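Just so it is clear, none of the values below were taken in a lab; they were calculated from the coordinates. Computed from a predicted model, the values in this text were never measured in an experiment. Please note: Cβ atoms are built from the backbone with ideal geometry, for glycine as well, and neighbour counts cover all protein chains shown.
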Amino acid sequence: MVRGRRFGLASLFFALLSGFVEAEVPLYEAKARLGPVASPPVKKARWAKLDRTLNAWLEAQEARKFAQQAGLRSDGDAVQVYVVAAQGAEEKVQTFLTERGCTKLLRAENIFQCFADAPLVRAAAEQPEVLVVRVPSYYRPAPWETQIGLRALTGSMTTEALTAMNVPAWHSAGIQGQGVKVGIIDGGFTGYQALLGSDLPPADRFMIWPDGTANMADTEHGTMCAEIVYDIVPQATMYVAATVTEVDIVNAVQWMQSQGVKVITMSQGWLSWGPGDGTGTLATAVNNFVSSGGFWANSAGNSRLAHWQGSWVDNDGDGWLEFDGTGREVNCVTDGAGNCVNIPAQKRIFASLVWNQWNNPQTDLDFYIVKWDASSSQWVVFGKSADTQNGQVGQRPVEENFDVATTDQETAYGFAVKLYSGPTNVQLEFFNRFDNNPLAV
């Protein structure tokens, strides 16, 4: 069989496997009927340094149930958090977290990632050296990556591009990666054990980042990428890391460097991990690796049809973003041809909105999931992400943690953006993880 990463078929696979069907929905219908939340209440948070999700978690009657529904990573009564330290206070914050029992602690610059229970989260928010405490931005595999039917793509295959890369000639010359250490960073490596010594190196040449073992079964995507690398350099030693946050990635890179890895390939990305202009925590780690003599290869992305980008436009002045400047205020999940599709019940929606104010954002935008209500023939609000952006140091121009994100019925779903406060001279973009978007640019 031939192993090819035909990601262009991802949308079709997902539609077939998930049972998506075209919805009987007029495209961008009833924009004015988003009006019930046209004047949202004043944002109030009991703990000003905590994001909206952590505030809700602390106030929940059933904290464990809330954590599960909100998609938080948990360990007993503790949830995974980012604690962001003020500049120059990193060591003091690290000492505080260690002494208070923050577990599985990792650090990237001034960001500390760990599992903290409710008393510790509250205590961290009261520390003057702490800027914010928030939920990490998680890498979310595309839906097709986790479909059981696609696991047949893993194992007993040959990479189709070997000849195009002139690999057979290198192999015939005896150059097969002997003595080379290659790092592979991905969201998971499901099923790798069964492939050791066949489609992957033997166990003594397959090293796993210790802090990422809990993520190894999250997706087969990393396994497939590792198989491609193995076909190219079958004598190399692999160092693999299953990562879900940018702090994970930074620490995985540092581990690989400590092991002598000089080549790293990563097929991950998430919109809210940084400005996307070569700066930020993750970009700094990559630049440091390359500056030390390493070679970094990164996937360019397969999500154009799941992406929208543009300026703020609100011609009718109702506070809702018009995605194309002609009054379209709902951007629905589509089949790629502009037709809204029904999403089955009990599917989790992942999406991330960012705008270009990465240093102390002054514009406060809220990100909504809306759904089509056939009984009233209108779009209605389903869930929202509404953190506060008011210029406070440590805040981010990001909305992605929805209060409700698991579909409750089979119907069409979409996205809308609401201005809460602040200047409107901003550039916005968002991704969803259903691989389609009617206004992709």
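Enumerate the amide H contacts of S421 below 5 Å, restricted to partners 5 or more residues apart or on another chain; note that Pro and chain-start residues carry no placed amide H.
D364
Direction-averaged shadow area of the convex hull around the Cα atoms of region 52-134, nm²?
Answer in nm², one decimal: 4.9.
If we sort 129-138, 160-169 on the protection proxy, mean other Cβ atoms within 10 Å, highest first, what's the order?
With the highest mean Cβ count within 10 Å placed first, the list reads 129-138, 160-169.
Report the label-to-label distance for E429 and S311 in nanometres (one decimal), using points 7 Å from each Cα along the Cα→Cβ vector.
In this crude label model, E429 to S311 measures out at 1.7 nm.
When the Cα centres of region 75-136 and region 289-333 are compared, how far apart do they sit, in Å?
31
Which entries in the list K347/K371; K104/K384; K104/K181 go over 21 Å, if you measure between the two C-alpha atoms of each?
Pairs exceeding 21 Å: K104/K384; K104/K181.
Fewest Cβ neighbours within 10 Å first, please rank F382, F350 accordingly.
Fewest-to-most Cβ neighbours within 10 Å comes out as F350, F382.
Determine which residues of region 118-136 fall in the zone a paramagnetic label at Q87 would reach in this model, i.e. backbone nitrogen under 18 Å from the point 7 Å along Cα→Cβ.
Of the residues in region 118-136, 129-132 have backbone N under 18 Å from the label point off Q87.
For T159, which sequence-distant residues (separation of 5 or more, or a different chain) have an amide H within less than 5 Å of its own amide H, given hydrogens modelled in the peptide plane?
Correct list: R3.
Using 7 Å Cα-to-Cβ label points, what is the S198/T213 separation (nm, one decimal)?
2.5
Taking amide H positions as placed 1.01 Å from N in the peptide plane, with prolines and chain starts having none, which residues 5 or more places from A412, or on another chain, fall under 5 Å of its amide H?
Under 5 Å from the amide H of A412 lie the amide H atoms of I343, W372, each far enough along the sequence or on another chain.
Order the peptides 95-102, 232-239 from the highest to the lowest mean number of other Cβ atoms within 10 Å of their residues.
Peptide ranking by packing, descending: 232-239, 95-102.
Rounded, prolate or oblate: which one fits region 143-298, using the alpha carbon gyration tensor with axes a ≥ b ≥ c (rounded when a/c is under 1.5, else prolate when a/b beats b/c, else oblate)? Write out the running numbers ahead of the final one.
Values: a/c = 1.62, a/b = 1.21, b/c = 1.34.
Oblate, since a/c reaches 1.5 and b/c is not below a/b.
In nm, to one decimal, how far is the A45 label point from the S291 one, both placed 7 Å along Cα→Cβ?
Modelled inter-label distance: 3.2 nm.
If you stretched the chain out fully between Q346 and N360, how much longer would it get, using 0.36 nm times the residue separation minus the C-alpha to C-alpha distance?
1.4 nm
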